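A short write-up of the structure that comes next.
The values are calculated or read from the model by the stated rules, or taken from the named source; none is laboratory data. Everything quoted here is computed from the prediction, not taken from an experiment. Because the Cβ atoms are built from the backbone with ideal geometry, glycine has one as well, and the counts that use them run over all protein chains shown. We work out accessible area using only protein heavy atoms, side chains counted, and drop any ligands, DNA or RNA first. Shrake-Rupley method; radii C 1.70, N 1.55, O 1.52, S 1.80 Å.
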Amino acid sequence: SVMKLRIRILAGALCAVLAAPFPAGAADAAEIRSVEFSAEASRSAPNDLVVAMLYAERSGADAAALAREVNRTIAGALDTARGYASVKTQSAGTSTWPVYGKDGRGRIESWRMRAEIRLEGRDVGAISELIGKLQSTLALGQVVMQPAPDTRRKAAEEATVDALRAFEKRAELIAGTLGRRYRLHQMSIAESGAHPPILARMRAAPAMAAEAMAAPMEGGESQVGVSVTGRIELLD
């Protein structure tokens, strides 16, 4: 992994002291009692988890018949997915809404229903094959590749160590430049990370979605960042 460190000194008073020539600035430096600053580090995490959303959406005048049709389609898709043990599949919500006539009288002309399923797994080959099969009856909403929870946690732990070391090194530099010793007074650690790349996002007919899935999926990497912010007390 390639480590990227970015240090920010947030104390304006310290910047002024460092800019002043010594020993003229020595008296001012002695007045500084604490300095707040931050250090950041990031680690690359492979996008080893595939998450896909597929849906069935239908319209009809009879709401009950429409519900039976959509539920039957989803049940068939879930039954197909059971043959892929490495893929976690679950229902992801159902919504129904009225379609009003254009005469302005508020009359319900028909109903529209949408139901979704969510696929998740690390076996890219298996989940790609399953998506291809399901697209005979479902449309593809989106496919996202992102770090799995344990993969992201490992990268975050490594980035935390890097950020803490960078913070310690900066603290020693600041205190040493001012001819002082230091003591850690306060510290907070926060994790950040870029959104995972979306490989496919569409609202299309199943046949069109199948063409989009013909290309191989390449996960790439995400950056997991950790920021350490703290305050050190300068000692005489």
Exception for Ala115 within (1) under 25 Å from Pro147 (Cβ atoms); (2) touching a residue at least 40 places away in the same chain (Cβ under 8 Å); (3) over 24 Å from the mean Cα position of the chain (by Cα) falls at (1)
Being out of contact with any Leu (no Cβ under 8 Å at 6 or more places or on another chain) and of a type in the set (A, V, I, L, M), is that true of even one residue in segment 97-105? yes
In the set Val99, Val143, the lone residue that is assigned to a strand (DSSP E or B), crowded, with 18+ Cβ neighbours inside 10 Å and at pLDDT below 95 is Val143
Sole miss for Gly76 among (1) out of contact with any Phe, Trp or Tyr (no Cβ under 8 Å at 6 or more places or on another chain); (2) closer than 30 Å to Val224 by Cβ is condition (2)
For this session: Please work out if Glu158 is touching a residue at least 40 places away in the same chain (Cβ under 8 Å), among the acidic types (Asp, Glu), open to solvent by 10 Å² or more (accessible area, probe 1.4 Å) and not in a strand (DSSP E or B).
Result: yes
In the set Leu119, Leu130, Leu78, the lone residue that is in a strand (DSSP E or B) and open to solvent by less than 70 Å² (accessible area, probe 1.4 Å) is Leu119
Checked segment 186-218 for anything modelled with pLDDT of 75 or more and part of a loop (DSSP other than H, G, I, E, B); matches are none
Report task. Tell me, please, whether a residue that is touching a helix residue (DSSP H, G or I) at 6+ places or on another chain (Cβ under 9 Å) and among the small types (Gly, Ala, Ser) can be found in segment 88-103. Result -> yes
Residues of segment 154-167 being acidic (Asp, Glu) and closer than 14 Å to Glu40 by Cβ, in sequence order, are Glu158, Asp162
Picking from Thr89, Thr94, the residue that is over 30 Å from Arg152 (Cα atoms) and either open to solvent by 70 Å² or more (accessible area, probe 1.4 Å) or in contact (Cβ under 8 Å) with a residue 24 or more places away in the chain (or both) would be Thr94
Criterion first (under 20 Å from the mean Cα position of the chain (by Cα) and free of Cβ contacts under 8 Å to residues at least 40 places away in the same chain) does Ala45 satisfy it? no
